[in-house]
1. Just give me the residues in the stretch 40-78 being more than 16 Å from residue 94 (Cα to Cα), modelled with pLDDT of 85 or more and not acidic (Asp, Glu), in sequence order.
2. Condition check: at pLDDT 95 or above and either touching a helix residue (DSSP H, G or I) at 6+ places or on another chain (Cβ under 6 Å) or not in a helix (DSSP H, G or I) (or both). Does residue 108 satisfy that?
3. Looking only at residues that are of a type in the set (Val, Ile, Thr), within 21 Å of residue 26 (Cβ to Cβ) and not in a loop (DSSP other than H, G, I, E, B) in the stretch 54-100, which one is nearest to the chain's Cα centre (by Cα)?
4. May I ask you to verify whether residue 90 is of a type in the set (Ser, Thr, Tyr), modelled with pLDDT of 90 or more, under 19 Å from residue 111 (Cα atoms) and out of contact with any Ser or Thr (no Cβ under 9 Å at 6 or more places or on another chain)?
5. Taking the stretch 63-116 as the search range and keeping residues that are in contact (Cβ under 8 Å) with a residue 40 or more places away in the chain and at positive phi, which one is surrounded by the fewest Cβ atoms within 10 Å (Cβ to Cβ)?
6. In the stretch 11-23, what count of residues is obtained for those that are surrounded by 14 or more Cβ atoms within 10 Å (Cβ to Cβ) and on the phi < 0 side of the Ramachandran plot?
Amino acid sequence: MRLLLISNSTNTGESYLYHAKTQIKKFLGEKPVQALFIPYAGITITYEDYETREMRIDEYIKINTDIYVAGLREGTMFLIENSNIQLIGTRNVRIFKYGQSPLEINPGNDLQFLMH
């Protein structure tokens, strides 16, 4: 399995997918390929909106107690190849799990626990 999961399509002041262009090209290679692209629109403008998102995540993990939820921030992405997962970008990912305080994980740190 190979996946490139991108947090957002546009950063403020940048063109569409500009921040991900290098990683997309590296991931897909030089030859034309068929790829599945699933756009998802979710806009958060204020801190209150973000706080509401965390409340929804909290409700979800109370029902799904054995599942991790990863909150990708703008300009970040997950690269998943076989059983390896890597956070790409300069910002942390926020990991939620029932009964635990949210974790802030830096790019380059081990995320293998998300694959189990």
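1. Within the stretch 40-78, 62, 63, 64, 65 meet the criteria.
2. Numbers: at pLDDT 95 or above: no; either touching a helix residue (DSSP H, G or I) at 6+ places or on another chain (Cβ under 6 Å) or not in a helix (DSSP H, G or I) (or both): yes.
Taking the combined requirement at face value, the residue does not satisfy it.
3. Residues of the stretch 54-100 of a type in the set (Val, Ile, Thr): 57, 61, 63, 65, 67, 69, 76, 80, 85, 88, 90, 93, 95.
Narrowing further to those that are within 21 Å of residue 26 (Cβ to Cβ): 76, 80, 85, 88, 90, 93.
Still in the list and also not in a loop (DSSP other than H, G, I, E, B): 80, 85, 88, 93.
Details: 80: 11, 85: 11, 88: 9, 93: 7 Å.
Filtering the stretch 54-100 for residues that are of a type in the set (Val, Ile, Thr), within 21 Å of residue 26 (Cβ to Cβ) and not in a loop (DSSP other than H, G, I, E, B), the one nearest to the chain's Cα centre (by Cα) comes out as 93.
4. The answer is no for residue 90.
5. Selected residue: 82.
6. Here is the first cut: in the stretch 11-23, the ones surrounded by 14 or more Cβ atoms within 10 Å (Cβ to Cβ) are 11, 17, 19-20, 23.
Keeping just the survivors that are on the phi < 0 side of the Ramachandran plot gives 11, 19-20, 23.
Residues meeting the conditions: 4.
The values are calculated or read from the model by the stated rules, or taken from the named source; none is laboratory data. Predicted, not measured: the structure shown is a model, and the values here were computed from it. Neighbour counts run over all protein chains shown; Cβ positions are idealised from the backbone, glycine included.
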